[in-house]
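Step one of this worksheet: look at the structure below.
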Amino acid sequence: SYGHAVTLFEQGEAPGGVARETIPAERLPETIIQQEIEDVLAASGAVTRRYGARLGPGYTLDAVLAEGFDAVLVTLGLSESVPLRGATGAREGVIGALEFLRETKAGRQVAGAVLVLGGGNTAIDAALSAKRAGAADVSVVYRRSFAEMPAWPEERDQAIRTGVHFLILTQPIDYVTDAEGRLVGVEVIRTRLGTPGPDGRRTPEPILGSEHVLPADLAIEAIGQRVGEELKAALPGVRLTRGGLAWTKEGTLETSREGVFAAGDIVNGGTTVVQAVAEGARAAREIDAYLKGA
């Protein structure tokens, strides 16, 4: 709407990114996300769409800029799940929440007992998806209490009504496997809440001697998300924070590389679609000012 020629790069076959790939259709119906995207693109004037444009070792930010673009907005999602830190057990029977959500959205079925490790909205989505996909028993394992749980209370309550169990004040430690290396359980330890940490939430403290094993046929890691290493390597000149996110200049969405801006999950660490859209609109205004030499 600012009068600039815009090209949309999308690695998939349709725009929508992580939201389209992983948020269950029950929470974000395909018809709604499709209409919202088309409305936004239509209101933006003529937008050139390039699908199958995947950043990686063979196609980096350098290659994009070499095509003659005056500015770039990086809105990469956090496409990989963070694994359970310190786990030494074999990973057969263990899957990241984002990967699991993609597979169940494509029709994957599951059976038996499922443990979801984490307490955010992604964990709730994974638990509900596991129930819908046929799991006999689903439990969310979270190391803090309901008061500290980042998942929206209404989402948590829906999961409870659906039959999902919640094991709070319980911290996953490692995976337990059989002789063939298949998952048979998750070793956990009970916790108590100590003093508040830097984020204001009380820190979980392990209770020694309370270790035990929860039987499981499948463990879903919903501990957090991150940018994949290949994508990091595809952003030369873009400074990253210690947490692996795109660093931006104070008060702006401009990165350390001239003419390159960033917005959404890669900046905020993963919050909501609404915030990502708002940051995208803000970045558009900043890019307009940059191109006009303000």
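For this structure, a couple of remarks:
- Each principal axis of the Cα cloud of segment 211-294 was taken in turn, and the coordinate range along them, longest first, works out to 61, 28, 19 Å.
- Proximal lysines to Lys131, defined as alpha-carbon separation beneath 16 angstrom and excluding residues fewer than eight positions away on the same chain: Lys105
- Distance from the alpha carbon centroid of segment 1-74 to that of segment 207-284 works out to 18 angstrom.
- Using only the C-alpha atoms, the convex hull of the chain corresponds to 148 Å³ per residue.
- Using a probe of 1.4 Å on the protein chains alone, the accessible area found for Ser81 is around 10 Å².
- When the helices of the chain are scored as -39500 (n - 2.57) per DSSP H run of n ≥ 4 and the total is divided over every residue, the value at 222 nm lands at -8500 deg cm²/dmol.
- Seen from all directions on average, segment 80-212 presents a Cα convex hull projection of 8.6 nm².
- Principal-axis tilt of helix 273-291 within the chain, Cα atoms, nearest 10 degrees: 30 degrees
- Accessible surface of Leu76 - all protein chains present, 1.4 Å probe, nearest 10 Å²: 40 Å²
- Against the criterion of solvent-accessible heavy-atom surface with a 1.4 angstrom probe, Leu8, Leu253 sort, most first, into Leu8, Leu253.
- Shape analysis of segment 1-127 yields a ratio of the Cα radius of gyration to the Kirkwood radius, Rg/Rh, of 1.04.
- Degrees, to the nearest 10: 153-162 long Cα axis against longest axis of the chain: 50 degrees
- For the chain, the carbon plus sulfur part of the accessible surface works out to 53%, probe radius 1.4 Å.
The values are calculated or read from the model by the stated rules, or taken from the named source; none is laboratory data. Everything numeric in this text was worked out from a predicted model, so none of it was measured. These area figures cover heavy atoms from the full protein model, side chains too; ligands, DNA and RNA do not enter into them. Shrake-Rupley method; radii C 1.70, N 1.55, O 1.52, S 1.80 Å.
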